[in-house]
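Here is the structure we will look at, set down as structure tokens.
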Amino acid sequence: MTVRTRLLQQVFRSLRQATSRVESVSKAALEHPTVTLVACAPQQSKRMPWSCLGYGFAAASLVTVASPLEASCSPAVAAPQTAGVDLSNAGMTAGKAKLQVIFVLGGPGSGKGTQCAKLVQEFGLLHLSAGDLLRAHMKSGTPDGNMVAEMIKQGQIVPSRVTISLLEEAMLKGGKQQVLIDGFPRNEENRAAFEAQTGIEPEFVLFFNCPEAVMEKRLLGRQEGRTDDNIETIRKRFKVFMESSMPIINFYDAKGRVRKIDADRDPEDVYADVRPLVEALQSFAV
Ligand SMILES: Nc1ncnc2c1ncn2[C@@H]1O[C@H](COP(=O)(O)OP(=O)(O)OP(=O)(O)O)[C@@H](O)[C@H]1O
Ligand SMILES: Nc1ccn([C@H]2C[C@H](O)[C@@H](COP(=O)(O)O)O2)c(=O)n1
């Protein structure tokens with residue numbers, strides 16, 4: 001049996017388990033309207049937890065809970081309480097209550113990290129920068145870590161296998177429903193592997209459009225000691241962006257998912273265009 005077949009089997013197993021969990025939580029909520037149910041994301045599947053996490057949130061939407069991820073992941077617990085069950089969201093399907101992911105893309109230095117920091121401050125979403133995760137991994141001293149260090153120095157894109165497992169781990173640890181994934185997917189390999197492995201489709205893609213000359217000036221002025229903020233690597237990164245990342249933006253644009261932002265303005269002016277897009281998504285959060 002191939003690894004892919006085994007992974008697919010795991011996905012379907014997780015979905016079946018999650019579905020029956022939601023069914024039992026929903027049934028209990030309807031049968032015991034004076035009970036508060038505590039739902040949580042199951043931990044059985046380390047590899048493919050996203051469907052479970054989505055269903056965990058869906059279950060939480062049916063009931064009054066302190067936090068959907070607060071409890072440890074034993075089967076859903078029905079804790080007798082005086083508070084009534086809020087069934088106002090009972091019509092919400094698992095699909096609607098899934099993780100909400102926004103991909104944040106744009107050339108190197110277009111201001112992705114700067115804008116994400118503002119969104120986190122205002123809306124408290126989880127911000128995962130693929131570049132930051134990879135830079136932290138570089139320091140592990142493992143063979144993978146050393147490979148990542150070399151690839152970043154050369155402005156190349158690290159294989160999805162490494163980046164996606166770092167993202168998965170961080171998403172699980174972060175435990176939030178709304179996630180900004182900054183600097184990912186960077187190429188078709190990233191995009192296809194992420195979709196196949198997690199089943200997650202972005203709500204939309206924030207695309208920061210900025211002229212290269214402006215980005216170059218910003219990167220050369222950034223004083224963070226990054227091994228790739230030198231003119232030689234910056235030029236390579238621009239080339240990789242145009243050749244490998246722009247097709248991803250075009251892919252999502254064809255699906256009507258791209259929100260293009262003029263990033264060649266003061267950070268506050270850029271944010272004035274960004275914030276309503278994310279604010280609109282807040283109303284759909286569970
Ligand atoms: N709108 C802006 N106007 C001027 N400078 C900016 C603006 N946005 C960000 N900067 C500055 O430009 C530099 C790069 O910004 P930032 O790190 O947010 O870009 P990025 O797109 O995340 O870059 P990378 O992809 O290389 O990580 C930083 O020094 C930041 O302070
Ligand atoms: N999906 C990704 C994201 C980043 N990298 C590597 C290659 C980039 O040049 C570098 C820095 O990323 P940034 O901080 O500019 O977003 O990290 C990658 O290989 N794959």
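Observations on the structure shown:
- For peptides 112-124, 134-146, sequence by mean Cβ density within 10 Å, most packed first: 112-124, 134-146
- The stretch 138-286 - Rg and Dmax from Cα coordinates, angstrom: 16.4, 46
- Our estimate of slack between Ala213 and Thr114, defined as 0.36 nm per intervening residue step minus the Cα-Cα distance, is 33.8 nm.
- Note on Asp132 and Asn146: the extension gain reaches 3.5 nm, defined as 0.36 nm multiplied by sequence separation minus the Cα-Cα distance.
- 5 angstrom amide H check on His127, placed H, neighbours 5+ away: Leu180
- Set of the stretch 162-186 residues, backbone N closer than 13 Å to the point 7 Å along the Cα-Cβ line of Phe123: 177-182
- Nearest-20 debye value, the stretch 145-286 charge dipole, Cβ charges on Lys, Arg, Asp, Glu: 200 debye
- Phi to ³J(HN,Hα) by Karplus 6.51 cos²θ - 1.76 cosθ + 1.60 over the stretch 197-208, Hz, x for Gly, Pro: 7, 10, x, 8, 10, x, 4, 7, 10, 8, 10, 8
- Computed in the context of the full set of protein chains, the accessible area of the stretch 157-199 at 1.4 Å probe radius has 50% of its extent on carbon or sulfur.
The values are calculated or read from the model by the stated rules, or taken from the named source; none is laboratory data. What you see is a predicted model, and the numbers here were worked out from it, not measured in a lab. Positions of Cβ are generated from backbone atoms using ideal geometry, with glycine treated the same way; all protein chains shown enter the neighbour counts. Note: areas computed on protein heavy atoms with side chains; ligands, DNA, RNA excluded. Shrake-Rupley method; radii C 1.70, N 1.55, O 1.52, S 1.80 Å.
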